[in-house]
Amino acid sequence: MNNLNKIAAALAILGCSTGTVFAQTSSDSTSGTSYSTDSGSNDYSSSQWDNRSWYLMPSINGMAPDHKFNQGHGEGVGLHAGKALSDHWDIQFGAAYSRDKDNNTYYKQDTLGVDALYMFSRDRLKPFVFAGTGAEHDRLNAPFVDASRTSPYVDAGLGVQYQLAPQWAVQADYRRQHAWMRGGSFGFDKANTGLLSVGLTYYFDQPKMAPVAQATPPAPEPEVAAQPAPPPAPVAPASHFEHYTLSATELFAFDSAQLRPAQPKLDEIANALQQDPSINNVVITGYTDRIGPDGYNLKLSQRRAEAVRNYLISKGIGGNRLTAVGKGKADPVVQCHDKRRSDLIACLAPNRRVEVEQITIERKVQ
C-alpha cells in the first residue's frame, strides 16, 4: 500500500512538472497551447507526434482498494480504446480486472467505464488530466463474508503520454475512483479505490497531415526557331523587402491558426529562399487584433507564425533558417472604435497579419 502511494505521488509530481516545462517552452519551440475550435478538421495532426486516429492500449495495473475491505494492494490488467476529439480533448473507453489475495481473503474488482482527457499538449510529451464514470463489480470472499455487488462510480486523475513513434506510445496515469455500494452487501455504502496504470498504445493509422494545395505547372511553351542571341541586358539589382507583410485574412480563418489551402505568396517566399541559400535568420512575426484576452492573442499569434514557418519547411526550407515569433496585439497598424463586433472585426483586419523580415526576392525588371 505504501509503495503504491509513493509511485502515485511520483507520477503526480511528474505530471505537474511536465505541464510546467511545456508552458515555459511552448512559445519558443512549439506552436503554442491555445487552439481554436474552428481551426479546421480535428482529424488533422500538427506534427508527427500528434496522431489523432483510434488507438488501443493494453495495460498493467496496481490497485489500492478501500481500507474497509481489509485488503492490501493488488494488481491486474486493463484494456482501453480511445481517440482524439479536438486539439485539447481525448476520449477513452476501458475495462480493468484487478484482484488481491491475502491469506484466506480474496477480493476482486472489475470495472467498465469511459473517461474524458484534457490534453495540455500535442507534442511528443503529453501531460493530461481526466475525469469519467462507469460501473464496477466488487467481490469479497473472506471468513464469514461472501458478497458481490455491481455499483456506479466516478473517477478523476492525471497522467502523461509519451510518443515513442508516430504509431506507438506509452501512457501512465493514476486515478481515484469513488463508488456508491448499492444494497449494503458489504456493510458500508461508499468505497474509494486508487488505481495506477501503465500501458502501451498502438494507433491504427499514421498521423494525418493537412493537405497542401499544389500549383498546376504551366503548359510548356511552343518551340520556336533559334534566333541570334541578343546582347546581355544589365542585371537588375535584387529587390530587398525588410518587411514582407501577409494578411492574416488571406492566410487563416478568423480566430484560427490553420492555413487555408492555397498560399501563392508563401510559395513565392519559399521559391526565393530556395534560390538563395545564403538568406538566413528569417524572422516570421505573427500579430492579432486586440479582440480577446492578451494571453490568448499572444499564443494565437505564435501559433500562426509557427504555421507559416512549418509551411515553408514543408516546401524544403531548412528550419534553422526560420524563426517564428508571436507578438499578439502589439504594433497595431490601425486604431478602430466601432461599437458593433462585426464592424470592429472588419476594421481591425490590417492588424491581423504575419510579417516576414530580411527576405530578398529577385524580380525581373522590364
Query raised in the report: For the range 247-252, what does the Karplus curve 6.51 cos²θ - 1.76 cosθ + 1.60, with θ = phi - 60°, yield as ³J(HN,Hα) per residue in whole Hz, taken in order and with x for Gly and Pro?
Result: 6, 5, 5, 6, 7, 9
**Report entry** Residues of the range 58-84 with amide N under 19 Å of the 7 Å Cα→Cβ point at LEU112
**Finding:** 58-59, 77-82
Query - Under 5 Å, built H, 5+ apart or other chain: amide partners of GLY328 - result: THR288, SER301, GLN302
Query raised in the report: Working out 0.36 nm times the residue gap between ASP102 and ASP338, then minus their Cα-Cα distance, what length gain in nm do you get to one decimal?
Result: 77.7 nm
Query raised in the report: Under the Karplus relation 6.51 cos²θ - 1.76 cosθ + 1.60, θ = phi - 60°, what is the ordered set of whole-Hz ³J(HN,Hα) values for the range 197-207, x standing for Gly and Pro?
Result: 10, 10, x, 10, 9, 10, 8, 6, 10, 6, x
Query raised in the report: If you stretched the chain out fully between TYR296 and THR150, how much longer would it get, using 0.36 nm times the residue separation minus the C-alpha to C-alpha distance?
Result: 48.1 nm
Requested in this report: Note the direction-averaged projected area, equal to a quarter of the hull surface, for the Cα convex hull of the range 239-361, in nm².
Outcome: 7.4 nm²
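All of the numbers you see were taken from the coordinates with simple rules; none came from a lab. On a predicted model such as this, the values are computed, not experimentally measured, just so you know. Positions of Cβ are generated from backbone atoms using ideal geometry, with glycine treated the same way; all protein chains shown enter the neighbour counts.
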